[in-house]
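Below is one structure; the comments refer to it alone.
Laboratory data are not the source of any read-out in this text; all were calculated from the coordinates shown. Keep in mind that what you see is a predicted model, and the values were worked out from it rather than measured. Glycine also receives a Cβ, built like all others from the backbone with ideal geometry; neighbour counts cover every protein chain displayed.
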Amino acid sequence: MKVLDANKLSDLAAALAAAGYRVVAPVRDGREIRVQEWKPGAAIDTSAVPVNSIKEFLFPRCEVIARYRLEGDDFSPEPVATDAPKTAALAVRPCDAAAMVILDKVFNPGTAGVPWPDGWEYKDDAWNARREATTIVPVVCTAADQDCFCTSVGGAPDATAGADAVLRSADGGRKFILQPLGPKGQALVAAAGAVLAEGDAKADPPAQVPVRFDAKAVTEWCGGNFESPLWREVSLACIGCGACAYCCPTCHCFDIQDEATRTESVRLRNWDTCGLSLFTLHSSGHNPRPDQASRWRQRVMHKFSYFVEKFGSLACTGCGRCARLCPGGMAIAQVCKEIDEARKAAVK
Amino acid sequence: MEIAEALRADAARLLAEGRAKLVIGYQARGPHRAPAFISDPAKVNVLVYDNLCKQNLAVYLRKPEVRLKGPVAIVATPAVMRSLMVLAAESQLTEATVLAVGKDAYHGVLDLAGAAALLKEKYADLAPEPELLEALAKLNALSPEARARFWTGQFAKCTRCYACRAACPGCYCQRCIVEKNVPQWVSAAAAQHGNYAWHVIRAFHQAGRCTLCGACEAACPQGIPLMLLNLALSEEVAKRFGEKPGYDPAAKPVVGSWKPDDDQGFIR
C-alpha cells in the first residue's frame, strides 16, 4: 500500500502541484481552517472541519456565464470559456465528497448510475467540466465534534461516496495510507511519485458519530406537515442570513444577473439562498415565503423531502457546518430531531 | 451559576405575572450558546448565563414572529442594553423589559430608563479590547495601498451571506440597499467589486450608530475582521463629534443631526 508520514501532506501537495494539479486543501487562515488553493509553504490542517466545503471549486460563488458587446443596435455575444483546471481536492472531508454525488444528480443527471428524473433536463456544462477535471481525495475522519451527524443521513466518517482516492490516518496518527479508488485516484497516485512510499501501516479507527435522528421519519413527517406550527417554533432563532446555505456542500441555488454598461454586458451566476427574503420576492411585491418560518421550512423540506422525491436521496451529508457557523445558534440536526420526536408523539 | 438562578427566577415571575409573554435568553446547545424563547414559566430552567453568551439578543426584537409572541422581556448584557438605547434613540422602540446582566453581576429587571441609568453608572467606560485597538493601530500605520491590499484579501472571503447584517440590531431596514434590485444598486456578485461595495456601505451605515458589540464579526462565517472597520469609524465619530452611541435613549443620531459647532474641517 501507498503510505506517507503524517507531516508530509504538504510534500504530497507539492508533488501534485508540480505534476500540474491545482491543489485545494484545508489550510489555516487566521481563526478559520479554509479549503483554499494550496501554495508552497502552506501547512495542510485536518484538525477540524473547514468553514467552507469544496463546492466552491466546482460551483463558484460567482461565475461569468456569458458576455455581450453592445454597439449602437448591434448585439454580439462573445465566447466564455469555462475555467476548469485539473484539480486535486486533497485531505478534504468524506461528507464533502458525498455531496458532490448529490450535486451530480442536479447538474449531471442521466449519466452512469445517476437517474434522470421526469421533467429534469438540465445539464450544467461548467459543473461537469470542473467535476471531470477534479480528483477528490477525502481524509477519513478520526474525530468528530458535537455538530457532526453524517451517520444520521446515510454517511459515515469513513464513507467513500464521491471519492477518487482516500487518505486514512494510520499507526496512531503517524502516517497516512493513500488508497486509490478509481482511475482518477490511480492517476493522482502516479503523479505523486516518490512522495508516496510502498509500505505497511495499520489504519486508525474512524470517528464514532452517533445517530441523532431518523432521517426516514423526517422525510415521512415533512410529506404531511407543510402547515405544521412546528416550523414557526423551531425557526424563532433564525436571523435570516445565508450562512447555512453558503457553507453547505449541497446547497446549489443560484441567481442570474446581468451587469452591463452602455457597451458591454456580463451575465453572472451568483450563489443565492432560500434563507434570504429576496429569494422568492415577486416583482409584484408578493412574497410567497414571507417569514423565516417559511424559509426554514423550505430549507428542511428541500433537503429531506423534495430532493428525496425528485432525485432519490437526501440533500444533506451531515457535515454540521451550518450548525457550527449559525449566528443564531441553530442546528438542522436539532430541528430534525424535534421533527422525529413530533412524529413519534403523533404516532402515540 | 448565581446569575442564571436569579435570571430564571425573574423570568418565571415576569411570565407568571403576565408582564412578559416571551422571555428571550440564552440556552446551552452542546458547546454553543443558542437563544432561548420561553413562554412557559415552567421552562425557565433552560436559561444559562456565562461568558459564552455573546450573541446580541436585541436583534430578535425586530423579528415579526418574535414580536407576535410579546410582550417580550430580554436578557441583556451591557452590549445588548446599548443596542436598545440606539434603537430607542432611532424611534425603533419606546419601552423595554430587560433582565440586566453585567460583568459578574445580575442587576435585576429594568425598564429602558433603568437600563440607561445602569449603563451610565456602571458601564460608562466600556472600551474595545486592547488586541482590537492594537490591530487597528497597526493597520492605520500601513500605507493606503497596503491597507487596500489587506481589505481586498479579507473581502475576497465574503460569500455575501449577510450574516453581519442579520446579526446586527442596528441593521433593521425592512429593505436593505443590497435588496434594491430594480435596478441593482450594489452588485450581488460575491466578487471583489460587489464585496467591496457591500462592506463599505455596511460600515458607513453604522457610523455613529455602532456600539461595538461585535455581533457582526462573531456572526461572519468567514472570519472577516469587521470590527476593525467598525472601530475605525467609531474612533472617527468620537474624535470629531465627541459621541459614544448607546448610552442615551434620546440621543440625536450623529449623521442625521447638525450642530453649529460640528467639525467642518472636512469641507475644503
- residue B:177-residue A:39 pseudo-label distance in nm [points 7 Å out on the Cα-to-Cβ vector]: 3.1
- Message: Sort B:188-196, B:127-135 by the packing proxy (mean of other Cβ within 10 Å over each peptide's residues), most packed first.
- Response: B:188-196, B:127-135
- Under a Gaussian network model of chain A whose springs join Cα atoms within less than 10 Å, the largest fluctuation of A:77, A:138, A:206 belongs to A:77
- Message: Contact order normalised by length for region B:130-241, with contacts defined as Cα pairs under 8 Å and 6 or more residues apart; what percent is it?
- Response: 31
- Message: Given points 7 Å out from each Cα along the Cα-Cβ axis, report the residue B:13 to residue A:345 separation in nanometres with one decimal.
- Response: 3.0
- DSSP loop (so not H, G, I, E, B), at most 10 other Cβ within 10 Å: list which trypsin sites (Lys or Arg not before Pro) in region B:60-140 pass both filters. B:103
- Relative contact order of chain A: what whole-number percent is it, with Cα pairs under 8 angstrom and at least 6 residues apart? 21
- Taking chain A as a Gaussian network, where each spring joins two C-alpha atoms under 10 Å apart, which residue of A:259, A:32, A:71 fluctuates the most? A:71
- With 25 Å as the limit, write out which pairs from B:69/B:180; A:123/A:303; A:216/A:310; A:55/A:344; B:138/B:259 have Cα-Cα distances beyond it, or answer none. B:69/B:180; A:55/A:344; B:138/B:259
- Mind listing the phi-derived Karplus ³J(HN,Hα) values for region A:66-82, rounded to whole Hz, using 6.51, -1.76 and 1.60 with θ = phi - 60°, and x for any glycine or proline? 7, 9, 9, 10, 10, 10, x, 8, 7, 10, 10, x, 10, x, 10, 8, 6
- Average other protein chain Cβ within 10 Å of Cβ, residues A:137-147: 1
- Could you list which residues have their amide H under 5 Å from that of residue B:102, counting only those 5 or more apart in sequence or on another chain, with H placed in the peptide plane? B:107
- Tell me, what is the FRET efficiency for residue A:78 and residue B:156 to the nearest 0.05, using R0 = 22 angstrom and their Cβ-Cβ distance as r? 0.30
- Message: Which residues does the label zone of residue A:1 cover in region A:180-201, counting backbone N under 17 Å from a point 7 Å along Cα→Cβ?
- Response: A:180-182, A:186, A:189, A:196-201
- Note on the structure: Given backbone amide H placed at 1.01 Å from N, residues whose amide H is under 5 Å from that of residue A:87, ignoring those fewer than 5 places away on the same chain, are A:22, A:134, A:135
- Message: So, R0 is 41 Å and r is the distance between the beta-carbons of residue A:233 and residue B:257; what FRET efficiency does that work out to, to 0.05?
- Response: 0.45
- Shielding of B:152-165 by partner chains, average beta-carbon count, 10 Å: 5
- Query: Once fully extended, how much extra length lies between residue B:122 and residue B:45, figured as 0.36 nm per residue of separation less the alpha-carbon to alpha-carbon distance?
  - Reply: 24.9 nm
- Item | Label point distance in nm, residue B:140-residue A:284, each placed 7 Å from Cα along Cα→Cβ | 5.4
- Amide H partners (placed H, <5 Å) of residue B:20, local residues excluded: B:15
- Message: Relative contact order of region B:2-122, please, whole-number percent, based on alpha carbon pairs below 8 angstrom and at least 6 residues apart.
- Response: 24
- Note on the structure: Ordered by fewest other Cβ atoms within 10 Å, a rough proxy for footprinting exposure, B:168, A:253, A:274 read A:253, A:274, B:168
- Query: Looking only at B:140, B:45, B:56, which one moves most when chain B is put into a Gaussian network model with springs between Cα atoms under 10 Å?
  - Reply: B:140
- Neighbourhood charge, 12 Å Cβ-Cβ cut-off, centred on residue A:70 and excluding it, Lys, Arg +1 and Asp, Glu -1: -3
- Query: Among residues other than residue A:26 whose Cβ falls under 11 Å from its Cβ, what is the net charge (Lys/Arg +1, Asp/Glu -1)?
  - Reply: -1
- Final fewest-first order of A:231, A:116 on the 10 Å Cβ neighbour count is A:116, A:231
- Item | Efficiency of FRET between residue A:263 and residue B:149 - r from beta-carbon atoms, R0 35 angstrom, step 0.05 | 0.70
- Message: Within a 10 angstrom radius of the beta carbon, how do A:235, B:39, A:53, A:277 rank from fewest other beta carbons to most?
- Response: B:39, A:277, A:235, A:53
- Task: Report, in deg cm²/dmol and to the nearest 500, the calculated mean residue ellipticity at 222 nm for the protein assembly as shown, where each DSSP H run with n ≥ 4 adds -39500 (n - 2.57) and the sum is divided by the residue count.
- Result: -9500 deg cm²/dmol
- Mind checking the full-extension length gain between residue B:239 and residue B:67? Use 0.36 nm per residue of separation minus the Cα-Cα distance, one decimal, nm. 58.2 nm
- Residue-wise HN-Hα coupling along region B:18-29, computed from phi with Karplus coefficients 6.51, -1.76, 1.60 (Hz; x: Gly, Pro): x, 5, 9, 9, 9, 10, 9, x, 10, 10, 8, 10
- Item | For residues of A:271-277, the mean tally of beta carbons on other chains within 10 Å | 4
- Within-14-Å neighbourhood charge of residue A:16 [Cβ basis; K, R +1; D, E -1]: +3
- Item | Qualifying aspartates and glutamates (Cα of each under 14 Å from Cα of residue B:43; at least 8 residues distant if same chain) | B:5, B:10
